[in-house]
Amino acid sequence: MNRIVVDDDKCRGCALCVEFCPKNVLRLADRFNRDGLRPVEMGWPERCIGCATCATVCPHVAIVLVERAARQKVGETE
């Protein structure tokens, strides 16, 4: 299954992705990034269907969809 990765330092916390996620996977984090902004995080990763709507609506290109094969290649586990 594909999943998303959020670049905390690119995320401006606008929450467009939170609003448009069809499965309500995302939320604003309780932590702050280096600019003092609350980035988005996957609050409920088990709900993610890998549709990439969040990445599509992100005006700051802070979200990318990572394919399972690519994650396994670098040794990441699910």
Fluctuation leader among Val18, Val66, Val40 - the chain, Gaussian network, Cα springs under 10 angstrom: Val66
MRE, 222 nm, helices only [DSSP H, n ≥ 4, -39500 (n - 2.57), over the chain, to nearest 500]: -4000 deg cm²/dmol
Distant-in-sequence amide H partners of Val66 (H built 1.01 Å from N, under 5 Å): Arg3, Ile4, Val5
Label-point separation, Arg31 to Cys14 (7 Å along Cα→Cβ), nm: 2.4 nm
Estimated distance in nm for a label pair at Lys23 and Val61, the labels positioned 7 Å out from Cα along Cα-to-Cβ: 2.6 nm
Ranking of Arg34, Arg47, Arg12 by count of other Cβ atoms within 10 Å, fewest first: Arg34, Arg47, Arg12
Dipole moment magnitude, nearest 20 debye, the range 3-73 about Cα centre, only Lys, Arg, Asp, Glu C-beta charged: 180 debye
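We did not get these values from a lab; they are worked out from the coordinates using the rules stated. For clarity, every value in this text was computed on a predicted model and none was experimentally measured. Backbone-built Cβ (ideal geometry, glycine too); neighbour counts: all protein chains shown.
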